[in-house]
Structure formats: C-alpha cells, structure tokens
1. Being closer than 15 Å to R390 by Cα and either touching a residue at least 40 places away in the same chain (Cβ under 8 Å) or in contact with a helix residue (DSSP H, G or I) (Cβ under 9 Å, 6 or more places away or on another chain) (or both) is the filter here; which residues of segment 305-339 pass it?
2. Just give me the residues in segment 91-108 being crowded, with 21+ Cβ neighbours inside 10 Å and part of a strand (DSSP E or B), in sequence order.
3. Report whether or not G127 is modelled with pLDDT of 90 or more, surrounded by 18 or more Cβ atoms within 10 Å (Cβ to Cβ) and over 21 Å from S225 (Cβ atoms).
4. Residues of segment 342-377 being crowded, with 16+ Cβ neighbours inside 10 Å and part of a loop (DSSP other than H, G, I, E, B), which ones?
5. Taking the criterion of being crowded, with 21+ Cβ neighbours inside 10 Å and within 28 Å of the chain's Cα centre (by Cα), would at least one residue in segment 152-164 satisfy it?
6. Condition first: at pLDDT below 80, exposed (fewer than 10 other Cβ atoms within 10 Å of the Cβ), outside any helix (DSSP H, G or I) and among the β-branched types (V, I, T). Can you find one or more residues in segment 61-79 that meet it?
7. Being in contact with a helix residue (DSSP H, G or I) (Cβ under 8 Å, 6 or more places away or on another chain), assigned to a strand (DSSP E or B) and in contact (Cβ under 8 Å) with a residue 24 or more places away in the chain is the filter here; which residues of segment 114-133 pass it?
8. Output yes when any residue across segment 319-328 is within 23 Å of Q183 (Cβ to Cβ) and touching a strand residue (DSSP E or B) at 6+ places or on another chain (Cβ under 7 Å), and no when none is.
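The values are calculated or read from the model by the stated rules, or taken from the named source; none is laboratory data. Computed from a prediction, not measured in an experiment: that's the story for all the values here. Neighbour counts run over all protein chains shown; Cβ positions are idealised from the backbone, glycine included.
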Amino acid sequence: MEDNNIKKTENTKFNFPKNNNKIKEKGKTGFGKSVILPFCSGIIGAAVVVGTCFCVPSIRDNLVGSSTNTNTKTTQTVGTQNLVSLSNYSDTATNVAAKVLPSIVGIKVQYTVNSIFSGSQNATAEGSGIILSNDGYILTNNHVVSSSDSSSFYAVSEATKITVTLYNDTTEYEAKVIGTDSQTDLAVIKIDKNDLTAAELGNSSNIAVGEFAMAIGNPLGMQSSVTSGIISAVNRTVQSDDGKTYNLIQTDAAINSGNSGGALVNSQGQVIGINTLKLNGTGVEGMGFAIPIDSAKPIFEQLISNGKVTRPYIGLSGRDLDDQTAKANNLVKGVYVVSVEPFSAAEKAGIKAGDVIVGIDGTSITTMDELNNIKNQHKIGDEITLKINRNGNEMDMKVTLQEQPADNQN
C-alpha cells in the first residue's frame, strides 16, 4: 500500500502558475482579490496566532502540554522504577545497625597454656555473643568459651575466666557457662545484669539467596563492628577442621576471627544466624558461614532449661561404604559398623561389629549422616528398626534409643 501511495503522489501533477503575467491576467477578473488574497491572509493570521500560543506556556499546556507531560512523567517512572536507590540501601544498613548493636556483646576468655617449650602461660581469646533475654542470657559458639585442647607439645586448659563487654559500656561483666553443645557448636553463658536489650530473632527457613545480610560482632577485638553483604547460599553443607559437618547459611558479609558467636541479621534487624565459620585460603574471599537460627533455637532452649542437650543414642561407630569399597570387601553398600559401645542400645539389640546397616524404619540408607538424620527425629525411649546385612543375609533389629552421653553422636 505504501508503494502505491507513493506512486500516486509522484504521478499527481500540480498546475502552479508559470509566470506573473498569468497571475496578473487572472487578477483582472477579480479572482485574486476575492479569493486568493483573503485565503493567504487567513493562513498567515492563523500561523501568527498558533505561534503566539505556543510561546505562552499556559496556553501551550492547555492545548497539548497536559498529554505531553503525562507521557514524559510515565516514561521517567518506567525508566527508573527498577533502579536501586543507594540512599535507601544506606538507610536500611544504618537502621539495622542501630537496632541490633545494643544486643551484641564482646566476649573475652582467659585460659592457661602448658607447653613443653615455654612452660605455663596465661592467654586470652575473644569472640562475640547475642543477648537472648534482658536478664543476661547470651548465645555464642561453643568454640568461643570451650578452649580445652591438647597435643604432644601443649595442653590448653578450660576457660579460667569469661568476661562480657556490652555495647557502649567498657565495664567487664564476669560470665558463667550455662551449657555447651559441641555437636552444634553452640553455648549459652549468663551475666548478672538486668535491663539488657534482647535481640529479635527471625526465621531462617524462608531466607532467599541474594537478600540483604549484615554480620555484627567483635572481629579481632574491634567491638561493635558491622559488615554487610548478601545471602550467598542456604543449606550449605560444610565440614570444619575438627571433622564435624554443619548445615549452614553462606554469606559474603565479612566474617573474621572474633566474629564467632555474633549475629547475622536481615533487613528487619532480626537474627537469622550465628556467625561461626569462614573459609580461608589463597584466592578465597567473602565466604563466611552462620548457623541458622531455626536450628539453634531448640538447642539454646535446652541449654537454658537443662544445661545440656539430650539426644537419642544408638551406641555404635560406623563408616560409610561406597560401591568400590563394598565390592572390594565382599560387602554391600551402607554403613559399616566399626564398633559397638558396651551396654549401649546397639549392643542390647544384638548389633555387632562387621554388620552393615542398610536401612532404618523402612528407609534405605548408605551414609552415617542419613542414619543420624532419621534417628534424631525420634525421642529417647523410642523404638526404631534397623535393617542389617550380616554375611550376606538381611535381618531387622529393634533398637530402643537411649540418651546420648556427652561427646557421642551415634
């Protein structure tokens, strides 16, 4: 259609006057005065009026400005609605810090190191904590307050003294240990002081990768330090130096020595995690980890009420068998029973070293973690059914769960 219209325009012939003589000749008949002159004058007058109107803002706006301005504003709104406001981000960070800082404490631990090289010396370490209640209960990491360790060259004693420093308060308040749990690396301590600002606890089950996160603590002794970033990952399985496996929140908010036991908080200033680990190494940056607050709640509640965490216990040590190891030893894939604790639930049930556990409560398993995850859903005194492969024969064994002794997991 466009081509046809163009062709039509090109073929149209306009008969304009060739010279002034013909115009003058037409003028003799009165046509110029009666028709052309008024017509041209009208055109010129209209142009002057319109031009004048467009030069006056109020008139121009009344004519076409309102629709033009509306379109302009709409375009600006659409064009900027997805941009991040640094001012809003800064306001979020400052508001969160102001809310949470009064609930974070610095912790100093004193202990003794006995070395074959330098003899006995006093030493200190520092960490962080989160105020749980206004009467002095404080949540921290077990490794912050439990310092005992030993090797063939040295021995580190249990903490001889623990002190707490509050936000904007240089006073050192002596603390006592209420309870510790090495399995989850959590501990609760208490100071004799009231009217403290308890932290608001959030919900770690619905956090999303990419959302705002702030770490608050006492890194390298620099009390009341904040660092911000995002949630890098959730449900991250991490193995610590001591071989324990944790299910943690990963963040790129900087976490350094002394941040342990401090808070990882969201944009509402709610605690969603307890800072506990960081990844070190050449080329490693921004990989810190926190214990989810949802998994920490039942632990610190038991520590406050009982001074310890009670868990169901089978009473055996095991090793995961992969396909290659199982075939090489004429066994099946599963959990190989290395040893059975005397007088334990496992021994009473008839489980022996050399058995391979291949199922629990009707669910097939191949690892010790799977076994523990299902076992820990039960209570002390519950009966579970373990499927055992012994010398190629499968059998079910009923096990009545006992209370877990200290420092045992299975």
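1. Within segment 305-339, G318, L321, L331, V332, K333, G334, V335, Y336, V337 qualify.
2. I104, V105, G106, I107
3. no
4. S344, I351, D355, I365, T366, T367
5. So far as segment 152-164 goes, yes, one or more of its residues are crowded, with 21+ Cβ neighbours inside 10 Å and within 28 Å of the chain's Cα centre (by Cα).
6. Within segment 61-79 (the criterion being at pLDDT below 80, exposed (fewer than 10 other Cβ atoms within 10 Å of the Cβ), outside any helix (DSSP H, G or I) and among the β-branched types (V, I, T)), the answer is no, since none of the residues qualifies.
7. Within segment 114-133, E126, G127, S128, G129, I130, I131 qualify.
8. Yes, some residue in segment 319-328 is within 23 Å of Q183 (Cβ to Cβ) and touching a strand residue (DSSP E or B) at 6+ places or on another chain (Cβ under 7 Å).
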